[in-house]
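Just below is one structure, and these are the notes that go with it.
The values are calculated or read from the model by the stated rules, or taken from the named source; none is laboratory data. None of the values given here were measured: they were computed from a predicted structure. Counting neighbours? That spans all protein chains shown, and the Cβs are built from the backbone with ideal geometry, glycine included.
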């Protein structure tokens, strides 16, 4: 009887070990897939020269030429009013801009959205940094900068020398901005 109990106990232990191993493998596979999916792809070769030639309408009815932002650190944030993580990170970006604008930092929010929702949003939550209207063409632009999945928010850090220093698909954190501040 004792021998049967020992065999049953060993069998249960083996099963639990196998289940644990299977769960670990599945977890690692899921983490790898998420990393692969949300890691920005390389920047298209012609993206940077073309970026500086772009001009966007703004919600105020003026034009915003990216050429005028060249030569100082620039954070480009692709966002939309219908994107909850985008809306959650905008106050953080606004605070970062207010704290660092005097040190040469620039931010431009490129709205992958229509004029009316952006105007309504900005009336409720004004931003200190400029906002450009790109509509769905903004996703195409973000893809040239490495956002192959078209996820929002998507943020690109461009150094004063015009090189892409970092990119992130998904909501930024204070830690991200602290690290990026040191890269400029």
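When the test is whether a residue is out of contact with any strand residue (DSSP E or B) (no Cβ under 7 Å at 6 or more places or on another chain), part of a helix (DSSP H, G or I) and modelled with pLDDT of 70 or more, residue 53 does not pass it. Considering (1) assigned to a helix (DSSP H, G or I); (2) closer than 21 Å to residue 135 by Cα; (3) at pLDDT below 95, the lone condition that residue 44 does not fulfil carries the number (1). Answer yes if at least one residue in the stretch 90-102 is more than 19 Å from residue 182 (Cα to Cα) and either in contact with a helix residue (DSSP H, G or I) (Cβ under 6 Å, 6 or more places away or on another chain) or at pLDDT 95 or above (or both), and no otherwise. There is at least one residue in the stretch 90-102 that is more than 19 Å from residue 182 (Cα to Cα) and either in contact with a helix residue (DSSP H, G or I) (Cβ under 6 Å, 6 or more places away or on another chain) or at pLDDT 95 or above (or both).
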